[in-house]
Amino acid sequence: MSVDHVRETALKILYDINEKGAYSNISINRYLEAGRFKDVDRAFITELVYGTIKWKLTLDHYIEQFSSVKLKKLSPWILNILRMGAYQLFYTDRVPPSAACNESVKLAKRYGHKASGGFVNAVLRNMARSPERLKLPDRERNLAEHLSIKYSHPGWMVKEWLDRFGEEFTEKLLDSNNRAPDLVVRVNTLKTDRDGLMEALRQEGLEVEEGKYAAEAVIIKNTVSVARLKAFKEGLFQVQDESSMLVAHILDPRPGELVMDACSAPGGKATHIAQLMNNEGTVIARDIHEHKISIIEENASRLGINIIKAEIFDAEDTDETYIGKADRVLVDAPCTGLGIIRRKPDIKWTRSIEDRDEIVRLQMKILDAASRHVRPGGVLVYSTCTIEPRENQDVVRWFLESHPEFRISDITHLVPGKLRRYVGKDGPEDIERDGLNIVNERMDDINKGYIQLYPNVHGTDGFFISRMERTG
């Protein structure tokens, strides 16, 4: 009995992610490139993997209600087959229930023992026949547990967000994390302009529109393999979310300057910085991993940028060669990544409170080391792709208190007009009217020097950006 190669590939990727700790995007790309799939199959594999990971907690809760065997006693292969089958039953419109069940049974027979096929068949067909039996925890009795299961987020995360944001905002955030994000690309202004890129993409059969905020942003509406596009190969654009594009604008680099990007890979921000510098000056782009340096170089070459100097360097260390010499330094710090769950849903299951404490210590160490490279009068930008105040506002507050030679810098004029109401105090105050309840007293001292973006409010990744200047 032959199995569906597309679903089997998705199953293997899920096994790598859930059992071997592989990164979802890396594992998906590896299998897709090796398999030479058609675009429609690539899209279905990606949907099956991300969808199953995204809804894992909810799917497990549903499976438990129909399974005669405890989930912890199932083999990882069979459990992932059940999850993938249940995802097709309840979260896709184009897969008939019979196909979801039949193909899951075939996989179970190949990856399980003799009775596995019958077990999987019974669970999935009963779920398909009796969806009314699927129950969520009672909302009134335990709000956190209800939201955790309904939106498939870890309980600890939901509890923290409820305490910080309140019920209405938290539920909107959870829902937003489960929605597919736009595919946003940044036009390479060294080779074309936004209108030119949009026309080139339309010529390749794509539906496109202007981004929400950044002048370089273009949204691609189609499901597409970006690397296969002629416009990509010609270096007309770089994939980058609009929140990430704001970083280079807030850094505000000028042609001829020396700029350092301390945690650069894969180079999206470094290439944007070089672009804003009109490819004049020097951008030192660093990362601790050798293979990531090659990715930075490949992106720079494709985009026609020659001022980026990619180097292996540990951002926790100070480089004596550059102490007090850089005009601008960017620290796009390692973080929990809780602002990009909608793009990388496996983050939900690989993060913990303990991780955050260790990451904060790393962020402080990197920011301290990088700051020594800033010349007097120079600029230091700190950013993360998380929505956690301990990694964001608290780290900036600590830095300013322990580094009196730096002061916060007003970023209002550097962000797009639509976002200016969210800079500094204005952000939490305006967001509060949308359901967010944040006490902002501790941020009084950093005033207009930061912006915190949320996927449910701004339609971007969750992102934090702050700007400081060295006065002496």
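On the given criteria, is residue 326 of a type in the set (Gly, Ala, Ser) and over 19 Å from residue 469 (Cβ atoms)? So residue 326 fails the test.
Scanning the range 335-354 turns up no residue that is in the same structural domain as residue 378 (by TED's automatic domain parsing), part of a strand (DSSP E or B) and acidic (Asp, Glu). In this structure, does residue 123 turn out to be more than 30 Å from residue 231 (Cβ to Cβ), under 21 Å from the mean Cα position of the chain (by Cα) and among the aliphatic types (A, V, I, L, M)? Answer is no for this residue.
This table checks each residue for (1) buried (at least 17 other Cβ atoms within 10 Å of the Cβ); (2) part of a loop (DSSP other than H, G, I, E, B); (3) touching a Lys or Arg at 6+ places or on another chain (Cβ under 6 Å); (4) hydrophobic (A, V, I, L, M, F, W, C).
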| position | (1), (2), (3), (4) |
| --- | --- |
| 50 | yes, no, no, no |
| 60 | yes, no, no, no |
| 77 | yes, no, no, yes |
| 81 | yes, no, no, yes |
| 86 | yes, no, no, yes |
| 101 | yes, no, yes, yes |
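Of the strands (runs of 3 or more DSSP E) lying entirely inside the range 221-318, those containing at least 1 residues that are more than 25 Å from residue 362 (Cβ to Cβ), touching a Leu at 6+ places or on another chain (Cβ under 8 Å) and not acidic (Asp, Glu) span 237-239, 282-287. In the range 227-243, the condition of being farther than 27 Å from residue 36 by Cβ, more than 19 Å from the chain's Cα centre (by Cα) and among the small types (Gly, Ala, Ser) is met by no residue.
Among the residues of the range 62-75, those identified as charged (D, E, K, R) and in a helix (DSSP H, G or I) are 64, 72, 73. Residues of the range 167-181 being surrounded by fewer than 17 Cβ atoms within 10 Å (Cβ to Cβ) and farther than 19 Å from residue 53 by Cβ, which ones? Across the range 167-181, the qualifying residues are 167, 168.
Residues of the range 251-265 that are farther than 23 Å from residue 410 by Cα and crowded, with 17+ Cβ neighbours inside 10 Å: 263, 264, 265.
The values are calculated or read from the model by the stated rules, or taken from the named source; none is laboratory data. In this text the structure is predicted, and so the values were computed from the model without any measurement. Virtual Cβ from ideal backbone geometry, glycine too; neighbours counted across all protein chains shown.
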